[in-house]
Amino acid sequence: MDDKKRNQVLSVLFLGVLMGALDIAIVGPAMPAIRSSFGITERLGSWIFGMYILFNLIGTPIMAKLSDLSGRRWIYMLDIALFALGSMITALSTPPNYWLLLLGRGLQGLGAGGIFPVASAVIGDTFPPEKRGSALGIIGAVFGIAFLVGPLLGSLVLKLGGWNWLFFINLPIAVVILIMAWRLLPDTRPAVVQGFDTPGMLVLTGMLALLAYAINQLDTTAIWPSLQQNGAFLLAAVILLVLLVLIESRSSNPVLPPQLFNRRQLTLT
C-alpha cells in the first residue's frame with residue numbers, strides 16, 4: 001500500500017473516531033434541556049452519559065475480538081452503522097419515553113466502543129512499523145480535539161435547533177464514513193477462523209454492567225450508606241470477575257487472554 005492509499009485509510013479512521021469522541025463532549029451543553037424535556041432528576045439524567053460509557057466499555061472487547069474473527073472493514077462498518085442507528089433512536093426519542101433515549105445511547109456507545117480499537121488494528125495491519133506511531137498519535141489526538149470542540153459545537157447546535165439535532169447530525173456523517181470505508185479500507189480476513197468466547201463475553205458484560213450501576217448509584221455526600229445500599233451489586237461484580245478469570249484461563253480463544261496481564265507494561269501501570 002502506497003502513502004496516498006494509507007493517508008486515505010487514515011482519513012476514514014480519523015472521521016469515525018472523531019464522530020464517536022464528539023458524542024461524549026457534545027452532549028454536555030444539552031443536559032439541562034434534555035432533563036427538562038423528559039422531566040427527570042439530575043441523578044436519572046446522569047445515565048445519558050452512563051449508558052454510553054457502559055456500552056462503550058462492553059463494545060470495546062466485543063468489537064475488537066470480532067474484527068480479529070471477521071475482518072477489520074466489516075466490523076468497522078458495523079460499528080459506524082450501530083452508532084448511526086443509536087443516534088437516530090436518540091434523536092427521535094420523545095417524552096415520556098426516556099428508556100428509548102437510553103436505548104439509543106447504549107447503541108451509540110456499543111458502536112463507538114469498537115471504532116477506536118478497530119481503527120488501531122487497521123493501522124497495525126496496513127502501516128509499516130516506522131509509521132504506526134505517528135498514525136496512532138493522530139488517531140489518539142482526536143479525543144483532545146473532540147473535548148475542545150464538542151462543547152462549542154453543542155452550544156451552537158442548541159442555538160440553531162433543539163437537542164435532537166445533536167444526534168441527527170451524526171446520520172449524514174455516518175453515511176459518508178460508511179461509503180469511504182467500503183471503498184478504501186482493506187478487506188483483511190484471518191486465515192483460520194476460531195470460535196467466539198460467548199461465555200466469557202457474557203460474564204464480562206454482566207460484570208461491567210453491575211459495576212457501572214453500583215458506581216452510578218454512589219452518593220459522594222454519604223459514601224458509607226450508599227456503599228451499604230449498593231454493596232450487593234459490587235459483590236456480584238467481584239464474583240463475576242473471579243468467574244471471568246476462570247473462564248478465560250480455560251478458553252481456547254478468550255476475549256481477554258490471561259497472558260495479557262503478565263506483560264511488564266501492564267504490571268508497571
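Scan region 21-49 residue by residue and report those that are crowded, with 20+ Cβ neighbours inside 10 Å and within 12 Å of the chain's Cα centre (by Cα).
Here is the first cut: in region 21-49, the residues crowded, with 20+ Cβ neighbours inside 10 Å are 21-23, 26-27, 29-30, 34, 47-48.
Ala21, Leu22, Asp23 - these are the residues of region 21-49 that are crowded, with 20+ Cβ neighbours inside 10 Å and within 12 Å of the chain's Cα centre (by Cα).
Would you check if Arg132 is assigned to a helix (DSSP H, G or I), at pLDDT 90 or above and closer than 26 Å to Gln8 by Cα? Spelling it out, it is not the case that Arg132 is assigned to a helix (DSSP H, G or I), at pLDDT 90 or above and closer than 26 Å to Gln8 by Cα.
Results for (1) loosely packed, with under 13 Cβ neighbours inside 10 Å; (2) at pLDDT below 80; (3) within 23 Å of the chain's Cα centre (by Cα); (4) part of a helix (DSSP H, G or I), shown as yes or no for each residue.
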{"position": "Arg183", "(1), (2), (3), (4)": "yes, no, no, yes"}
{"position": "Asp187", "(1), (2), (3), (4)": "yes, yes, yes, no"}
{"position": "Ala191", "(1), (2), (3), (4)": "yes, yes, no, no"}
{"position": "Gly206", "(1), (2), (3), (4)": "no, no, yes, yes"}
{"position": "Thr220", "(1), (2), (3), (4)": "yes, yes, no, no"}
{"position": "Ser226", "(1), (2), (3), (4)": "no, yes, no, yes"}
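Is there a residue in region 68-76 that is polar (S, T, N, Q), under 22 Å from Asn170 (Cβ atoms) and either surrounded by fewer than 18 Cβ atoms within 10 Å (Cβ to Cβ) or modelled with pLDDT of 90 or more (or both)? Can you show your working first?
Residues of region 68-76 polar (S, T, N, Q): 70.
Add one more test, that the residue is under 22 Å from Asn170 (Cβ atoms), and what stays is none.
No, region 68-76 contains no residue that is polar (S, T, N, Q), under 22 Å from Asn170 (Cβ atoms) and either surrounded by fewer than 18 Cβ atoms within 10 Å (Cβ to Cβ) or modelled with pLDDT of 90 or more (or both).
Taken together, Leu110, Leu148 contain a single residue that is open to solvent by 10 Å² or more (accessible area, probe 1.4 Å), aliphatic (A, V, I, L, M) and more than 22 Å from Leu178 (Cα to Cα), which is Leu148. Scanning region 107-136 for residues that are within 19 Å of the chain's Cα centre (by Cα) and free of Cβ contacts under 8 Å to residues at least 40 places away in the same chain gives Ser120, Leu136.
Check region 1-9 and report whether any residue there is part of a helix (DSSP H, G or I), open to solvent by less than 30 Å² (accessible area, probe 1.4 Å), modelled with pLDDT of 90 or more and on the phi < 0 side of the Ramachandran plot. Yes, because at least one residue in region 1-9 is part of a helix (DSSP H, G or I), open to solvent by less than 30 Å² (accessible area, probe 1.4 Å), modelled with pLDDT of 90 or more and on the phi < 0 side of the Ramachandran plot. Number of residues in region 10-42 that are free of Cβ contacts under 8 Å to residues at least 24 places away in the same chain and assigned to a helix (DSSP H, G or I) equals 5.
I'd like to know if region 82-91 contains one or more residues that are within 16 Å of Tyr213 (Cβ to Cβ) and open to solvent by 40 Å² or more (accessible area, probe 1.4 Å). No: zero hits. Going by the conditions given, is Leu178 open to solvent by less than 50 Å² (accessible area, probe 1.4 Å) and either closer than 23 Å to Ser11 by Cα or within 20 Å of the chain's Cα centre (by Cα) (or both)? Judged against the criteria, Leu178 is a match.
The values are calculated or read from the model by the stated rules, or taken from the named source; none is laboratory data. Since this is a predicted model, take the numbers as computed values, not measurements. Here Cβ is always computed from backbone atoms with ideal geometry, including for glycine, and neighbour counts include all displayed protein chains. For the accessible areas, the whole protein counts, side chains as well, though only heavy atoms, and no ligand, DNA or RNA atoms are used. Shrake-Rupley method; radii C 1.70, N 1.55, O 1.52, S 1.80 Å.
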